[in-house]
Amino acid sequence: MAGAGAAKAGPELARAVLDAALAKRREAARQPRRRGGAGGGEKRLRGYSGPGPDPRDPQLFGAVLQRLMKARGWERPTAEATVLGSWEKVVGPDVAAHSRPVKLDAGVLTVEAESTAWATQLRMLTGQLLKQIAGEVGHNVVTRLNIHGPAAPSWSRGPRRVQGRGPRDTYG
């Protein structure tokens, strides 16, 4: 056959190659196909076609955001922002109406009450408030509360401020 193949050239050679490929294809079609089941053959990789969940399916935005925050380690800053941003939801409308969070630093939440009476009341409710905060945003986000009353007005600045040491001659 090697001698006969060498004698062919051009279109005859192309026709001989095509005939050989077709014969090989027909022979392969006659033999039964092997399935990948219990036969121990090569395992066929599963594609993404067909019913069932697929990683390419549209995802809920909240679920995608949760995975992103967890992957980047943003859970604690998110919890801290929830305490400051959703104060009414965290502690309830009654307490939130009379207080506001000022800052959260290293687990210590500073809360400013609208009056000294409310500051005293919040100091007595500290344990309950810590439980509510932990239940809403997680444990160890807020470990201690620092509650103070309203800030006193500053007399060191303002339109009626007089320069000098003050009224020293009237006291003693």
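List of remarks:
- Count of residues meeting criterion [at pLDDT 65 or above, in a helix (DSSP H, G or I) and surrounded by 10 or more Cβ atoms within 10 Å (Cβ to Cβ)] in the stretch 4-20: 9
- Verdict on T78 being closer than 17 Å to L145 by Cβ and modelled with pLDDT under 85: no
- Listed by position, the helices (runs of 4 or more DSSP H) contained in the stretch 41-143 that have at least 3 residues being open to solvent by less than 40 Å² (accessible area, probe 1.4 Å) and in contact (Cβ under 8 Å) with a residue 60 or more places away in the chain form an empty set.
- Residue, modelled with the highest pLDDT, within the stretch 144-172, restricted to residues that are assigned to a loop (DSSP other than H, G, I, E, B) and among the aliphatic types (A, V, I, L, M): A151
The values are calculated or read from the model by the stated rules, or taken from the named source; none is laboratory data. Nothing here was measured: the structure is a model prediction, and the numbers come from that model. As a convention, Cβ positions derive from the backbone with ideal geometry for all residues, glycine included, and neighbour counts pool all protein chains shown. The accessibility values were calculated without ligands, DNA or RNA, using every heavy atom of the protein model including side chains. Shrake-Rupley method; radii C 1.70, N 1.55, O 1.52, S 1.80 Å.
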